[in-house]
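Presented below is the structure to which this report refers.
The values are calculated or read from the model by the stated rules, or taken from the named source; none is laboratory data. As the structure is a computational prediction, the values presented were derived from the model and not from experiment. Ideal geometry is used to build each Cβ from the backbone, glycine not excepted, and the neighbour counts take in all protein chains shown.
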Amino acid sequence: MNKQMLVPSGISAIRLTALPLFIYFFFNSNTAVATLVFGVAAVTDLFDGYFARNLGATSKFGAYFDAAIDFIFVSGIFAAFAINSYYPVWMLVLIAISFAQFLFSSLYTKKLYDPIGKYIGSVLYIAIALTLLSPATLTFIFVQIGFSLYAITFFVTRTASFTSTYRKTHFLKKSA
């Protein structure tokens with residue numbers, strides 16, 4: 001394995017070590033430090049892809065490794081929020097469905113991975129930041145409604161797109 005490939009994966013892995021730290025500080029009422037840990041972890045999400053592209057170390061494994069770590073990190077934080085009664089458990093289910101849709105859709109795109117994951121990840125990172133910076137009922141309602149509408153819209157449009165592509169491909173195969 002190329003040693004340069006380890007750099008972006010190592011940067012991604014920092015988020016795994018950040019999650020237990022975040023949970024520790026969050027549940028010990030040290031939201032400021034938990035927010036700082038989250039901020040550092042969020043920055044690693046920006047840099048792992050940057051270094052992978054600039055070092056010529058992009059790979060399917062790296063893209064999926066990054067997505068898996070994002071899922072674990074985001075789900076872990078939302079689980080902490082759910083335990084703290086900020087959000088209902090169904091938000092975790094919606095997050096899992098969103099990541100599953102990203103993984104499924106990335107199997108059928110020609111790019112290294114489907115950019116839908118960037119959008120979903122960005123929305124969830126913003127939701128986490130809003131929750132940490134303003135842990136109030138209005139924020140919780142805004143995040144629940146906003147992410148729900150966002151996830152449903154992406155699911156419907158992506159499903160329609162795949163259905164349309166499948167029909168065109170299937171129709172062309174039959175007529176050939």
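Brief remarks on what is shown
Listed here are the residues, each with its yes/no results for (1) touching a helix residue (DSSP H, G or I) at 6+ places or on another chain (Cβ under 9 Å); (2) modelled with pLDDT of 85 or more; (3) outside any loop (DSSP other than H, G, I, E, B); (4) farther than 27 Å from residue 18 by Cβ.
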residue: 76; (1), (2), (3), (4): yes, yes, yes, no
residue: 86; (1), (2), (3), (4): yes, yes, no, no
residue: 91; (1), (2), (3), (4): yes, yes, yes, no
residue: 123; (1), (2), (3), (4): yes, yes, yes, no
residue: 131; (1), (2), (3), (4): yes, yes, yes, no
residue: 144; (1), (2), (3), (4): yes, yes, yes, no
residue: 155; (1), (2), (3), (4): yes, no, yes, yes
residue: 171; (1), (2), (3), (4): no, no, yes, yes
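- Scan the stretch 136-155 for residues that are over 12 Å from residue 91 (Cα atoms) and touching a residue at least 24 places away in the same chain (Cβ under 8 Å) and the total you get is 3.
- Note on the stretch 55-74: residues that are crowded, with 17+ Cβ neighbours inside 10 Å and either of a type in the set (Gly, Ala, Ser) or over 16 Å from residue 45 (Cα atoms) (or both) total 4.
- The listed residues are 65, 51, 22, 61, and the only one of them that is under 30 Å from residue 139 (Cβ atoms), of a type outside the set (Lys, Arg) and not in a loop (DSSP other than H, G, I, E, B) turns out to be 22.
- Residue satisfying condition, being under 18 Å from the mean Cα position of the chain (by Cα), within 20 Å of residue 126 (Cβ to Cβ), surrounded by 14 or more Cβ atoms within 10 Å (Cβ to Cβ) and β-branched (Val, Ile, Thr), within set 43, 37: 37
- Residues within the stretch 95-115 that are in a helix (DSSP H, G or I), at pLDDT below 90 and crowded, with 19+ Cβ neighbours inside 10 Å, tallied: 6
- Filtered by the rule that a residue be closer than 19 Å to residue 130 by Cβ, within 19 Å of the chain's Cα centre (by Cα) and of a type outside the set (A, V, I, L, M), the stretch 16-32 gives a lone residue, 22.
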